[in-house]
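Quick notes on the structure that follows.
Taken together, the values in this text are just the output of simple stated rules run on the coordinates, not laboratory data. Bear in mind the structure is a predicted one, so any value in this text is a computation, not a measurement. Please note: Cβ atoms are built from the backbone with ideal geometry, for glycine as well, and neighbour counts cover all protein chains shown.
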Amino acid sequence: MSLSNPQIRHLRGLAHSLKPVVMVGQHGLRESVLEEIGIALDFHELIKIKVSAGDRDERDKIIGNIVDQTGAERVQRIGNMAVLFRRNPKKPKIVLP
């Protein structure tokens, strides 16, 4: 599912007040972290994650892997924070414009 610009703008506004739900540490992306991200996406649909990896390229690679493996959409990335969205097909909470 690809998000349109108005949908991304709406989700960024909703994510502004969110705190990071999952933090990826120096040890990188592990299976347990991916499971936690999947659980958080199922429950919240829109989450903020903090990636405390080395440089920008490494953070981009980790965020790309998370998006690929969870089926989420990257809404925004600023510094070491990323906002991800994945609609819950059983109980959607967020109504997109």
Item to check | Ranked by how many other beta carbons lie within 10 Å on average, peptides 4-17, 67-80 from highest | outcome: 67-80, 4-17
Checklist entry - Rounded to the nearest 5, what is the percent of antiparallel bridges among the DSSP beta bridges in the chain? => result 70
Checklist outcome for this item: Under the helix-only model (-39500 (n - 2.57) for each DSSP H run of 4 or more, divided by the residues of the chain), the mean residue ellipticity at 222 nm, to 500 deg cm²/dmol, is -13000 deg cm²/dmol
Checklist entry - Based on the Cβ-Cβ distance of Asn5 and Asn65, what FRET efficiency does E = 1/(1 + (r/R0)^6) give at R0 = 30 Å, to the nearest 0.05? => result 0.75
Item to check | Approximate spin-label separation Arg30-Met81, in nm, with each point projected 7 Å along Cα-to-Cβ | outcome: 2.6
Item to check | Segment Phe43-Arg12, length gained on full extension (0.36 nm per residue, minus Cα span) | outcome: 9.4 nm
Checklist outcome for this item: At the level of C-alpha centres, the distance separating the stretch 1-29 and the stretch 32-72, in angstrom, is 9
Item to check | Within the chain: Cβ-based charge dipole about Cα centre, in debye rounded to nearest 20 (Lys, Arg +1; Asp, Glu -1) | outcome: 440
Next on the checklist: With an 8 Å Cα cut-off and a minimum separation of 6 or more residues, compute the relative contact order for the stretch 5-85 in percent.
Outcome noted: 33
